[in-house]
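A short worksheet on the structure shown next.
The values are calculated or read from the model by the stated rules, or taken from the named source; none is laboratory data. What you see is a predicted model; the values in this text were computed from it and never measured. For neighbour counting, all protein chains shown are included, and Cβ atoms are generated from backbone atoms with ideal geometry for every residue, glycine included. We work out accessible area using only protein heavy atoms, side chains counted, and drop any ligands, DNA or RNA first. Shrake-Rupley method; radii C 1.70, N 1.55, O 1.52, S 1.80 Å.
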Amino acid sequence: MFDWLFYWLPENISTYGAKIDGIMKMIWVIVFSWFVVVELVLFYFIFRYRAKEGGRASFQPGHGKAVLWILIPAALVLACDLAIDVRQNPVWDEIKINMPKPEEADQEIEINAQQFAWNFVMPGRDGSLKTADDIKVMGTLTLPVGAKVIFYLTSQDVIHSFWVPVLRLKQDAVPGRRITGWFQATKEGTYIIGCAELCGSGHGVMKAKLRILSPHDYEEWLEKESPETAEETAWKVEVPHE
Amino acid sequence: MSESMTWTQKYLFSQDHKVIGIQYMITGLIMALLGGYLAYVFRYQLAFPNEGVPGFGEVGPDEYNLAISMHGTIMVFWVAMPILLSGFGNYLVPLMIGAKDMAFPRLNMMSYWTFFLSTVVLIASFFVPEGASKSGWTFYPPLTAVPGYTGVFWGGHLWLLAVALEFASMLMSGINLLTSTITMRAKGMSYFRMPLLVWMMNIASLIFMFSVGPLIAGAFMLLGDRFFGVGFFIPSAGGDPLLYQHLFWFFGHPEVYVILLPALGIIAEIITAFARKPIFAYRTIVYAVLAAGVLSFLVWAHHQFISGIDPRLAAPFGLTTILISVPFAICMFAFIATFWKGQIRFKTPMLFAIAMIAEFLFGGITGIINGSTAADIYVHDTYFVVAHFHYTLFPVVFLGGFAGIYYWFPKMFGRFLNEAWGKVHFALTTLSFNMVFLPLFFVGLGGTHRRIFDPSYFENLTQLQPLQVIATLGLFIMLGAQVPFIINFFYSMFKGKQASANPWEANSLEWVAPSPPGHGNFLEEPVVTRWPYDYSLPQANKDWLSQTEVA
């Protein structure tokens, strides 16, 4: 009865994605149950109390104790609200507040947005960022499967939003800020990255690829891509208040 | 006095609250046609990408961004606000409190004509070089702070000017409404004898007036950025784009309740009259809505969970957002309880009112998913949000608005709208509404983000295309369904069945005045003896008692 809403939900390939899906489904079960009950009552009343010849309505202003007929259901709504809030907070906490520290992560990357492209800096063979062998690519983010990844998100011009449906991840990129986030992809494949914040003419074509590779393929890719020496950067990250 | 007035004084530059209310309403309805046309343009493009839109032409990314931006702007500021708050508020509040007019009739006229000017400026923005604004109805900087980012210069300036003028007009309208309610109630009309609609209009005006200041400040700061490069919102000049979002949503979220409350008021009047029952728990509704009004100022950051604000700040805003469901649940439960043991008459206004309640519930429950910080990470800025807010706003603005129009049309023009065509209009509008927006929940959960002009560009979204087509076909039906309404509206104004002063046998004071009421409203000054919901009082010999009826 409840799963139909999620029929088209894309597959999930991140460690925390299932928790977000779980929260959405938990909320849906609660609120849709309410919806069904309330609509049934509403339509029962409408059908049952349609005007009849010579009929007369009952004078029910809902004063005094009668008001409990609506206050008790409202108290139940309140209880459901609080239950939802208590259940969902840990998920938000895990994804956006208590993120893994850099030393707990397998990899750190820079993501930089511009009108209308995604730029990525990935560590080269030495596995660490801001070294000479960093790999700078526009449009494709390549990562090994299972790696716990911390990203630093910036924007060169307007607000963009880093949006990877299969990771259940969305985070605005705000010029002037360097926003930290994380994810851990659990399945190999090539996936779509979009920009979820209106950013100008090319908003609808701002697209990038996320490639999650097996350890072996990733090593091969590293071998091929990692530059020996520092290159002139293709683009510049300006972060005034780092 | 009214005899000596010219046609212009009477119908154009009128100071009569009823004429001004109708002017607001008709301007709003005309703007709704423009908003609907823009919806047609972008929905056609979404369903049949890059085939060209009949009656418009090629839709590229710029045309698309313009259409969605102006659709949102128009529907919120030039349709919902003028029809619900200024239109019904102006027309009904003085009548319902038993006043001859608003407290400041001249200011009232000025408020309408300021609004009219804002409309002219907004429409003019379509015709300047580069066209109207393409930056969304939220107008976020830095996209809007530097015209070069969108290539829209005058369109953006005029957008800001039009919105500023509109708000000035609504402020005049709001102060008038509040002053009138406080000072001009008829003898015996205590606050708790006022129809709920009057309460709702006043609370809505208060919310608007308390929230609009920061947005006007934000708009002026943005003008400073655009014209002088001040840099309030430009990081390279030391500014912060998030500041604007706070200013915008501090207004923007209360604004949805500014739109919702008048509709709740309309619904309350209609369901009581057609269920022949008093409103259930009158005072509880008033207190719940007052509480919601206060709470509405503490939820704004739920639009910004993933915008880069401190994630720890999201938790309290998530909680307040979810909690605001409680007062509105109370209202919905009270409305439903009003049907209990009633004698329900299914006239067109009642059908629209019932549909408003039934559909709004779905908009309400889906809001909880958006309001959850964790779930919002996924659904934010997707079509799920689009579907959710259309499931709240469409029932409020259109189902609620139509309910009000069918109900008070006999008062406004002394004639009924045609009932049979009204039911056709009702059935087609309500069904097609669901056909448009139900699929969009799936489109959103399928991963479609907002404001992209061609979903086929994203390989992961191609499987959702049939849903986009269904939604667009639904829109065709919805737009077509308005044709009988428009014809009915103008035909009935002159040729409809004549209506008596109180055709629905309702209690509030506007039904004591003649239909249509002349200048000055009441033939004799009404003296109020009871609340407006004495329907089916056991000791009475009929099932309604006007507020002026002596016990």
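Rounded to the nearest Å, what's the spacing between the alpha carbon centres of the range B:173-213 and the range B:26-55? Just the number, please. The range B:173-213 and the range B:26-55 have Cα centres spaced 36 Å from each other.
When only the Cβ of Lys, Arg, Asp and Glu is charged (+1, +1, -1, -1), the dipole of the range A:102-225 relative to its Cα centre reaches about 500 debye. Model label sites at B:F153 and B:K495, defined 7 Å from Cα along the beta-carbon direction, differ in position by 5.2 nm. With all protein chains kept in place, the per residue accessible area of the range A:102-225 amounts to 32 square angstrom at a probe of 1.4 angstrom. Compare each residue of the range A:21-55 in its chain alone against the assembly with all protein chains, and report those whose accessible area goes down by 50 Å² or more; 1.4 Å probe, heavy atoms. Buried on complex formation: A:M24, A:I27, A:V31, A:F35, A:V38, A:L42, A:F45, A:I46, A:Y49, A:A51. At q = 0.14, 0.18, 0.21, 0.24 Å⁻¹, what is the base-10 log of I(q)/I(0) for the range B:37-153 according to the Debye formula with one equal point scatterer per Cα and no solvent? Please give it to two decimals. Each listed q maps to, in turn, -0.72, -0.97, -1.16, -1.34.
Size descriptors for chain B (Cα atoms only): Rg and Dmax, in that order, 23.2, 75 Å. If you sort B:Y391, B:Y491, B:Y191 by accessible surface, 1.4 Å probe, largest first, the order is B:Y491, B:Y191, B:Y391.
Do you know the relative contact order of chain B, to the nearest whole percent, from alpha carbon pairs under 8 angstrom that are 6+ apart? Display every interim value, and only then the final one.
Details: 934 pairs, mean separation 89.3, N = 551.
The normalised contact order for chain B reaches 16 percent.
Taking 7 Å steps out from each Cα toward its Cβ at B:F127 and A:R211 produces label points 5.4 nm apart. Angle of helix B:419-445 to the longest C-alpha principal axis of chain B, folded into 0 to 90 degrees and rounded to 10: 30°. Normalised by residue number, the volume inside the convex hull of the Cα atoms of chain A is 189 Å³ per residue.
Take peptides B:270-279, B:243-252 and line them up by average Cβ neighbours within 10 Å, highest first, as a rough protection proxy.
Working: B:270-279: 26.4, B:243-252: 21.5.
Result, highest mean Cβ count within 10 Å first: B:270-279, B:243-252.
Across peptide B:454-463, what mean number of C-beta atoms from other chains lies inside 10 Å of a residue's C-beta? Can you show the working numbers first?
On the way: counts 2, 1, 0, 5, 7, 4, 7, 5, 0, 2.
If you average over the peptide's residues, the count of other-chain Cβ atoms is 3.
Summary of packing: across the peptides A:4-17, B:158-171, the per-residue average of other C-beta atoms within 10 Å ranks them, highest first, as B:158-171, A:4-17. Each Cα pair under 8 Å and six or more residues apart adds its separation to the average, and for chain A the resulting relative contact order is 21 percent. Counting protein heavy atoms only, the range B:10-511 has 73 percent of its accessible area on carbon and sulfur, 1.4 angstrom probe.
Name the shape class, rounded, prolate or oblate, that the alpha-carbon gyration tensor gives for the range A:1-49, where a ≥ b ≥ c are the square roots of its eigenvalues, rounded holds for a/c under 1.5, and otherwise prolate holds if a/b is larger than b/c and oblate otherwise. List each step's numbers first, then the result.
On the way: a/c = 7.08, a/b = 3.26, b/c = 2.17.
Verdict is prolate for the range A:1-49.
What the Kirkwood sum gives for the protein assembly as shown is a hydrodynamic radius of 27.7 Å, with every pair of different alpha carbons counted. Centroid-to-centroid, using Cα positions, the range B:374-415 and the range A:142-192 are 35 Å apart.
A simple spin-label model places pseudo-atoms 7 Å from Cα toward Cβ; at B:Y11 and B:L107 they are separated by 2.9 nm. With θ taken as phi - 60° and the Karplus curve 6.51 cos²θ - 1.76 cosθ + 1.60 applied, the whole-hertz 3J(HN,Hα) list for the range A:50-66 is 5, 4, 10, 3, x, x, 9, 6, 8, 6, 10, x, x, 8, x, 5, 4 Hz, x standing for glycine and proline.
Enter the buried accessible area of the B/A pair, total of both sides, probe 1.4 Å, in Å² rounded to the nearest 100.
On the way: alone 21300 and 15120 Å², together 28270 Å².
Chains B and A together bury roughly 8100 Å² of accessible area.
Measuring nothing but protein heavy atoms, the accessible surface of the range A:102-225 at 1.4 Å probe radius is 47 percent carbon and sulfur.
Distance from the Cα centre of the range B:69-101 to that of the range B:291-368, in angstrom? After rounding, the separation between the Cα centres reads 21 Å. Entry comment: accessible area of the range B:1-93 is 34 Å² per residue, from protein heavy atoms only and a probe of 1.4 Å. Protection proxy ranking, highest mean first, for peptides A:46-55, B:41-50: B:41-50, A:46-55, where packing is the per-residue count of other beta-carbon atoms within 10 Å, averaged. Mean per-residue shielding of peptide A:89-101 is 4, counting Cβ atoms of other chains within 10 Å of each Cβ.
Using the Cβ-Cβ distance between A:V36 and B:E549 with R0 set to 41 Å, the FRET efficiency works out to roughly 0.50. For the range A:102-225, the fraction of C-alpha pairs more than 19 angstrom apart is 44%.
Under 5 Å from the amide H of A:Q107 lie the amide H atoms of A:K148, A:I150, each residue being 5 or more positions distant or on a separate chain, with H modelled from the backbone and absent for Pro and chain starts.
Is there a simple number for the mean count of other chain Cβ atoms within 10 Å of the Cβ of residues in A:186-196, and what is it? Could the numbers behind the result be given before it?
On the way: counts 0, 0, 0, 0, 1, 2, 5, 1, 10, 4, 9.
That average works out to 3.
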